[in-house]
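Have a look at the structure below, then the notes.
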């Protein structure tokens, strides 16, 4: 089965500025991939090429096996921009009806009802957008991106303006979409959210892919912390395999062991190491 998104050797130049320098990236079927990087790293350019808003200078980008920007590719993807706006006087049902018309979807009221149920807005079908909370509008935005049953969702900062409860709601929604086989490329600055929900992470810097893999694959061991009746001691350089030995040594020396914890780097540590301290 073809990948939901595949870019190979992707390049983009804006005059003398090279925004992308031969990027390779793949989003598999039902996979949730987080796209990270400071401003100017090339994230938005990559997404715009995938959507078909920008033409690549070199390499190729495909959505579900079709050339990015083609009619076939556009039919397979849904997109939610960071600063999206819906007419405030539209109801949730009317917003989806409009996007069905724009996308050429023949799903009708059944599709609209299903999507509102999916994003927990079934009871708000008749509510006007200007009467919705930010979290409700964000979920409605994801619903409109799902019109036409796309295989790939491109989401730009979908939780940046939400409170912790709203972020958790969207996170659970993304996990449900993954279970249904929908692929997601998630562009976000919230590293904790990326770490919680994404199968893999791709980090861009200066138009190049500088790190990629699952959060576990990208993490680095930082030692083992052992708590005994003498206090907490961190053994630098120790790994998970060393934990049983460290506990046995503590017990053999007459210590009471209360806990042991293997320390690994967080996604934030990995990100800062990859971008060399560059900020947005």
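The values are calculated or read from the model by the stated rules, or taken from the named source; none is laboratory data. Here the structure is a predicted model, which means the values were calculated and not measured. Using ideal geometry, Cβ is built from the backbone for each residue, glycine included, and neighbour counts are taken over all protein chains shown.
Remarks
- Filter result for residue 58 (surrounded by fewer than 19 Cβ atoms within 10 Å (Cβ to Cβ) and touching a residue at least 60 places away in the same chain (Cβ under 8 Å)): no
- One residue alone among 80, 96 is modelled with pLDDT of 95 or more and within 26 Å of residue 4 (Cβ to Cβ), and that residue is 96.
- Listed by position, the helices (runs of 4 or more DSSP H) inside region 170-275 whose residues that are touching a helix residue (DSSP H, G or I) at 6+ places or on another chain (Cβ under 8 Å) and in contact (Cβ under 8 Å) with a residue 60 or more places away in the chain number at least 2 are 191-197, 267-275.
- Contact map, region 103-131: residues that are under 17 Å from residue 173 (Cβ atoms) and not assigned by TED's automatic domain parsing to the domain that holds residue 92 paired with residues that are modelled with pLDDT of 90 or more and surrounded by 13 or more Cβ atoms within 10 Å (Cβ to Cβ), Cβ distance under 9 Å, separation 6+ or inter-chain. No pairs are found.
- Taking the criterion of being closer than 15 Å to residue 97 by Cβ and part of a helix (DSSP H, G or I), the residues of region 107-123 that qualify are 108, 109, 110, 111, 112, 113, 114, 115, 116.
- Residues of region 128-148 satisfying the condition of being surrounded by fewer than 16 Cβ atoms within 10 Å (Cβ to Cβ), at pLDDT 90 or above and assigned to a loop (DSSP other than H, G, I, E, B): none
- Given (1) part of a loop (DSSP other than H, G, I, E, B); (2) modelled with pLDDT of 80 or more, number of the condition residue 162 does not satisfy: (2)
- Region 53-81: number of residues that are out of contact with any helix residue (DSSP H, G or I) (no Cβ under 6 Å at 6 or more places or on another chain), part of a loop (DSSP other than H, G, I, E, B) and under 21 Å from residue 148 (Cα atoms): 8
- Output for region 192-205, where each listed residue is surrounded by fewer than 23 Cβ atoms within 10 Å (Cβ to Cβ) and at pLDDT 90 or above: 199, 200, 205
- Count of region 27-55 residues, restricted to those that are on the phi < 0 side of the Ramachandran plot and surrounded by fewer than 17 Cβ atoms within 10 Å (Cβ to Cβ), is 5.
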